[in-house]
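Structure, as structure tokens:
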Amino acid sequence: MIGRLIDKLVFGFILVIALQLPQLADHYQQFLAGLYESTRWQVEGYEATAKEYHYADAEAMIARHQQNEEPSVRADAEQKVQTLALYKALTEGVAIFNSGNLFEKTAYMFSPVRFDYLKKTISNFKPGIPLTDSGIGFGVVVALGVHYLGSIPFILWARRRKRQRLAST
């Protein structure tokens, strides 16, 4: 009886934790969208400067600046290259969050490469219950899966113990 109560409490705890993932994905999407817009603004500025000075595009301007003999111009060009790479990566991330499912979003969020973004998102995260069908469904499916996988050792142990008891009688 106590074992069943503990089992239900553990499942309830896992369910509450699993229901936080859709909320976290929404917060992460907002963080990602803000970073994307900021980076897009910078990249558009690079493109405007490139057009103003008759370069084919921002990448051509940056390539020219990387060959400049002034160290500060080369360093600035290197920062611009990093910004363009960040913009490309953020574009892919925003696409996943705009059209992907919760499993894809979760995989994206928990990627070790983007752990810093997740850490920043969690620092502002407030727990809650998702109000969408997909969010609740995701939480229930994840909770059931984790609970079942966590219960397997105990189920196997109980069966072994039962067999041993039957064998000894």
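The values are calculated or read from the model by the stated rules, or taken from the named source; none is laboratory data. All figures in this text were calculated on a predicted structure; none of them were measured in a lab. Glycine also receives a Cβ, built like all others from the backbone with ideal geometry; neighbour counts cover every protein chain displayed. Side chains are part of the model used for accessible areas, which takes the heavy atoms of the whole protein and leaves out ligands, DNA and RNA. Shrake-Rupley method; radii C 1.70, N 1.55, O 1.52, S 1.80 Å.
May I ask you to list pairs of residues, at least six apart or on different chains, whose Cβ atoms are under 7 Å apart, with the first in segment 63-86 being on the phi < 0 side of the Ramachandran plot and assigned to a helix (DSSP H, G or I) and the second being polar (S, T, N, Q) and open to solvent by less than 50 Å² (accessible area, probe 1.4 Å)? Hits for this filter: THR83/THR39; LEU86/THR39. Of LEU35, LEU5, LEU15, all but one fail to be closer than 26 Å to GLY150 by Cβ and either among the aromatic types (Phe, Trp, Tyr) or open to solvent by less than 60 Å² (accessible area, probe 1.4 Å) (or both); the exception is LEU15.
Could you check segment 19-52 and list, in sequence order, the residues that are of a type in the set (S, T, N, Q) and farther than 29 Å from LEU102 by Cβ? Residues satisfying the conditions are GLN42, THR49.
Being crowded, with 17+ Cβ neighbours inside 10 Å, hydroxyl-bearing (Ser, Thr, Tyr) and outside any helix (DSSP H, G or I) narrows it down to one of TYR46, TYR55, so name that one. Spell out how you get there, then give the answer.
Working: TYR46 fails: outside any helix (DSSP H, G or I).
After ruling out the rest, the residue left standing is TYR55.
Of the residues making up segment 137-147, just one is buried (at least 16 other Cβ atoms within 10 Å of the Cβ) and more than 13 Å from GLY12 (Cα to Cα), namely PHE138. State whether the residues of segment 148-155 include one that is open to solvent by less than 90 Å² (accessible area, probe 1.4 Å), in a helix (DSSP H, G or I) and either of a type in the set (Ser, Thr, Tyr) or under 24 Å from GLU44 (Cβ atoms) (or both). Within segment 148-155, one or more residues are open to solvent by less than 90 Å² (accessible area, probe 1.4 Å), in a helix (DSSP H, G or I) and either of a type in the set (Ser, Thr, Tyr) or under 24 Å from GLU44 (Cβ atoms) (or both). Looking across segment 87-132, the residues that are in a helix (DSSP H, G or I), open to solvent by 30 Å² or more (accessible area, probe 1.4 Å), within 16 Å of PHE31 (Cβ to Cβ) and of a type in the set (S, T, N, Q) come down to THR91, ASN98, SER123.
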